[in-house]
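One structure is given below, encoded as structure tokens.
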Amino acid sequence: MMHPASGAASRLHTVFTLLAGHYGQPVWRRRGDPVDQLVGTILSQNTSDVNTEQAFRSLRAAFPTWQDVIDAPTSAVVAAIRSGGLANQKAPRIQQALRQIQQQSGSFDLSHLVTMPVDEARAWLMRLPGVGAKTASIVLLFSMQRPAFAVDTHVHRLSRRLGLAPANATPERVMRIIEETAPAEWLYPLHINLIRHGRAVCKARRPRCPTCFLQDHCLFFSTAQH
Ligand code: SF4
């Protein structure tokens, strides 16, 4: 929860409010079943949204059930997801992750994570192959509306530039700091709006600071001015 007196909380409040004023406050909507979300997120690693969607569609077209994916030769799964890139790595990870889910849950079902404490649920997911903190948090946040903060490359960069986390913070440290500072209902809109701002304005190589509405509150910008 947020501590009103802390500088970090006040900075986060300002950034959250300005982002929501500019981009709107996205409302959470379920993006599919948690297992679909998990497989989709593994597929999305190191590739674009377009390639991910194409690979996911192609996987579901080739193998209508998750049992079919497990039973298929890995080479056939590789062929089905080739458009997503790194297919040779992702195919065995997806098969093994599905096997583990089936073994531990008795089916392709992650609904037991809905009521588990969020750190335990994240740890459960991170025991699956190819699942790190970012992927686990995406699954928890997007498919179950759990209070997990997913830190992708945009969120990591902007959080540090804006001073929401120390400049040398790892993605997992950023995740911890934001989860400890922000109210749970902010985590989804904050994630979405930081990504929007990272794509549109605060780009990795050339951030458009002169036209950025966050410049008065940005540590990176104020440091660069002196
Ligand atoms: S002022 Fe510059 S560094 Fe700061 S958020 Fe805006 S674009 Fe990013």
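Quick notes on this one:
- Max mean-square fluctuation residue, GNM over the chain, Cα-Cα springs under 10 Å, options Arg30, Arg146, Arg99: Arg30
- The residue among Gln37, Thr223, Gln96 whose Cα reaches farthest toward the positive pole of the charge dipole of the chain, with charges on the beta-carbon of Lys, Arg, Asp and Glu, is Thr223.
- For the chain, the fraction of alpha-carbon pairs in successive 5 Å shells from zero, as %: 1, 7, 14, 17, 17, 14, 12, 8, 6, 3, 1, 0, 0
- The stretch 91-147 and the stretch 165-212 have Cα centres spaced 24 Å apart.
- Karplus-derived 3J(HN,Hα) values for the stretch 117-122, using 6.51 cos²θ - 1.76 cosθ + 1.60 with θ = phi - 60°, are x, 4, 5, 5, 5, 5 Hz; glycine and proline are entered as x.
- Convex hull of the stretch 1-98 built on C-alpha atoms - directionally averaged projected area, nm²: 8.5
- Estimated FRET transfer efficiency when R0 is 35 angstrom, pair Thr14-Ser48 (beta carbons, to 0.05): 0.65
- Gained length - Ala76 relative to Ala62, 0.36 nm times residue gap less alpha-carbon distance: 4.2 nm
- Here the residues Leu214, Leu140, ranked from fewest to most Cβ neighbours within 10 Å of their Cβ, fall in the order Leu214, Leu140.
- Scaling the Cα radius of gyration of the stretch 34-144 by the globular reference 2.2 N^0.38 Å produces a ratio of 0.99.
- Take every Cα pair under 8 Å whose residues are at least 6 apart in sequence, average their separation, divide by the length of the chain, and the relative contact order is 26 percent.
- Relative contact order (%) - the stretch 95-168, alpha-carbon pairs under 8 angstrom, separation at least six: 19
- Within the stretch 138-155: backbone nitrogen closer than 13 Å to the Asp36 label point (7 Å, Cα to C-beta): 143-144
- Alpha-carbon Rg with Dmax, taken over the stretch 130-210, Å: 12.2, 39
- Most fluctuating residue given options Asp216, Asp109, Asp68, as computed from a GNM of the chain linking Cα atoms under 10 Å: Asp216
- Taking Lys and Arg as +1 and Asp and Glu as -1, the other residues whose beta-carbon sits under 13 Å from that of Ala182 total -1.
- Extension gain (nm, one decimal) between Val114 and Glu185, 0.36 nm per residue minus Cα-Cα: 24.0 nm
- Calculated from backbone phi, Karplus (6.51, -1.76, 1.60) coupling profile of the stretch 70-85 in Hz, x at Gly/Pro: 5, 6, 6, x, 4, 4, 6, 5, 4, 4, 5, 9, 4, 5, x, x
The numbers here are math on the coordinates, done by the rules we state, and not lab data. Every value quoted in this text rests on a predicted model; they were computed, and no experiment measured them. So basically every Cβ, Gly included, is an ideal-geometry build from the backbone, and we count neighbours across all protein chains shown.
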